[in-house]
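Trainee: Below: one structure in structure tokens.
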Amino acid sequence: MAVDIGGTKMAAALVDRNGALGPVATCPTPQVPDAEVVWGALANLIAQVRSPEGAAVVRCGVGCGGPMSHGGAEVSPLNIPAWRSFPLRSRIEALTGVPTAVDNDAKALALGEGWLGAAREERHFLAMVVSTGVGGGIVLDGRLLGGRLGNAGHIGHVVVEPEGRLCACGGQGCLEAEASGTAIAKSTGRPASEAPRPVVQRTGTLVGRAIASVANLLDLRLAVVGGSVALGFGAPFFEAARQEVARRARLEFAIGTEVRPAGLGADAPLLGAAAVGWRQAEDGAHG
């Protein structure tokens, strides 16, 4: 079972070991201060897909916004204010009765894109989600970086405008505060899907600025970018991002860093969540 938890919507589906995706159930993420109301919506979603005829659910993989404690035992997504230190993993395990792995949704994207998508067979890359929020996952030497508490890759909190807007994290000028769907809606008064071309181009430029910083820091040559904002903006966004990367990533090893759209499209969050669960199975099998 794959579960994707975002600030705007949640989704669940069954995914087999080859990446075949079953029927998808979705619902809006409740915009309420009550943690149990949000949980109730998620539990109902899981119930819709957990027991189809002829299928056996053996584990659950979850992609969720961060930050979170090690292993996703507790989650505090910035774009779901009702959940602060919410015990997500144990609640899902109690509901489903199967082992559950929880990771940041953008790290899940990195696993999914490396498994089946635009980074297939790549051993060094950055994966990004530009959606309601902005997140990232980093793969080096074929391994997804975890970090001390599992929060490595939070590119949404790289500073791209030092005197920019205040961010939900408490900082100022973070990429998420400038280029997320939430930030765009606040600054324009319209949904990101209705953003004018200058906003689309500025968003791409700021994302490219952050990618260049990571490429310079970590010796990467590929960034895979997904999420509803990035993919919805399309070619003008990606062209602006590529131009900014070319302008900013000037160290010899970073010149030519490529920016690709995520290859899994709308299925990326759930396939990434599935990859989180299957990775746990493989790690367990290897001791």
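The values are calculated or read from the model by the stated rules, or taken from the named source; none is laboratory data. Given the structure is predicted, the values throughout are model-derived calculations rather than measurements. Here Cβ is always computed from backbone atoms with ideal geometry, including for glycine, and neighbour counts include all displayed protein chains.
Trainee: State all residues of segment 69-95 that are in contact with a helix residue (DSSP H, G or I) (Cβ under 8 Å, 6 or more places away or on another chain) and not in a loop (DSSP other than H, G, I, E, B); if no residue qualifies, say none.
Mentor: Passing the criteria: Gly71, Gly72, Val75, Phe86, Leu88, Arg89, Arg91, Ile92, Leu95.
Trainee: Now a separate question. How many of the residues making up segment 149-174 are in contact (Cβ under 8 Å) with a residue 12 or more places away in the chain and under 28 Å from Val102 (Cα atoms)?
Mentor: 15
Trainee: Count, please, the residues in segment 86-117 that happen to be on the phi < 0 side of the Ramachandran plot and either surrounded by fewer than 22 Cβ atoms within 10 Å (Cβ to Cβ) or polar (S, T, N, Q) (or both).
Mentor: Summing the residues that are on the phi < 0 side of the Ramachandran plot and either surrounded by fewer than 22 Cβ atoms within 10 Å (Cβ to Cβ) or polar (S, T, N, Q) (or both) in segment 86-117 gives 14.
Trainee: If Arg190 passes every condition in (1) surrounded by fewer than 17 Cβ atoms within 10 Å (Cβ to Cβ); (2) at positive phi but one, which one does it miss?
Mentor: (2)
Trainee: Let me ask something else. Among what's in segment 3-46 and is more than 19 Å from Phe86 (Cβ to Cβ) and among the aliphatic types (A, V, I, L, M), pick the residue that is surrounded by the fewest Cβ atoms within 10 Å (Cβ to Cβ).
Mentor: Ala20
Trainee: Please verify whether segment 230-251 includes one or more residues that are within 30 Å of Arg123 (Cβ to Cβ) and in contact with a His (Cβ under 7 Å, 6 or more places away or on another chain).
Mentor: no
Trainee: Please determine whether any residue of segment 57-65 is more than 21 Å from the chain's Cα centre (by Cα), farther than 19 Å from Leu88 by Cβ and not aromatic (Phe, Trp, Tyr).
Mentor: So far as segment 57-65 goes, yes, one or more of its residues are more than 21 Å from the chain's Cα centre (by Cα), farther than 19 Å from Leu88 by Cβ and not aromatic (Phe, Trp, Tyr).
Trainee: Restricting the search to segment 105-140, which residues are free of Cβ contacts under 8 Å to residues at least 40 places away in the same chain and in a loop (DSSP other than H, G, I, E, B)?
Mentor: Those that are free of Cβ contacts under 8 Å to residues at least 40 places away in the same chain and in a loop (DSSP other than H, G, I, E, B): Glu121, Arg123.
Trainee: Quick check, is Leu175 within 23 Å of Ala246 (Cβ to Cβ), crowded, with 21+ Cβ neighbours inside 10 Å and either touching a Gly at 6+ places or on another chain (Cβ under 7 Å) or not aliphatic (A, V, I, L, M) (or both)?
Mentor: Yes; evaluated as a whole, the condition is true for this residue.
Trainee: Additional query: Please go through segment 249-271 and give me each residue that is in contact with a strand residue (DSSP E or B) (Cβ under 6 Å, 6 or more places away or on another chain), surrounded by fewer than 21 Cβ atoms within 10 Å (Cβ to Cβ) and touching a residue at least 60 places away in the same chain (Cβ under 8 Å), ordered by number.
Mentor: Hit for segment 249-271 is Arg260, nothing else.
Trainee: Does Ala235 count as under 18 Å from the mean Cα position of the chain (by Cα), surrounded by fewer than 16 Cβ atoms within 10 Å (Cβ to Cβ), under 20 Å from Ala118 (Cα atoms) and free of Cβ contacts under 8 Å to residues at least 60 places away in the same chain?
Mentor: Judged against the criteria, Ala235 is not a match.
Trainee: Can you say whether Gly256 is at pLDDT below 95, outside any helix (DSSP H, G or I) and either charged (D, E, K, R) or outside the structural domain of Cys64 (by TED's automatic domain parsing) (or both), as far as the supplied structure shows?
Mentor: Considered against the rule, which asks whether it is at pLDDT below 95, outside any helix (DSSP H, G or I) and either charged (D, E, K, R) or outside the structural domain of Cys64 (by TED's automatic domain parsing) (or both), Gly256 comes out as no.
Trainee: Determine which member of the set Val102, Val57, Val98 is in a loop (DSSP other than H, G, I, E, B), touching a Cys at 6+ places or on another chain (Cβ under 8 Å) and in contact (Cβ under 8 Å) with a residue 40 or more places away in the chain.
Mentor: Val98
Trainee: So how many residues does segment 175-226 have that are without any contact (Cβ under 8 Å) to a residue 24 or more places away in the chain and within 21 Å of Glu113 (Cβ to Cβ)?
Mentor: Of the residues in that region, 1 qualify.
Quick grid of which residues meet (1) within 21 Å of Ala106 (Cβ to Cβ); (2) modelled with pLDDT under 95; (3) part of a loop (DSSP other than H, G, I, E, B); (4) assigned by TED's automatic domain parsing to the domain that holds Thr257:
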{"site": "Gly150", "(1), (2), (3), (4)": "yes, yes, yes, yes"}
{"site": "Thr205", "(1), (2), (3), (4)": "yes, no, no, yes"}
{"site": "Val214", "(1), (2), (3), (4)": "yes, no, no, yes"}
{"site": "Val224", "(1), (2), (3), (4)": "yes, no, no, yes"}
{"site": "Glu239", "(1), (2), (3), (4)": "no, no, no, yes"}
{"site": "Arg242", "(1), (2), (3), (4)": "yes, no, no, yes"}
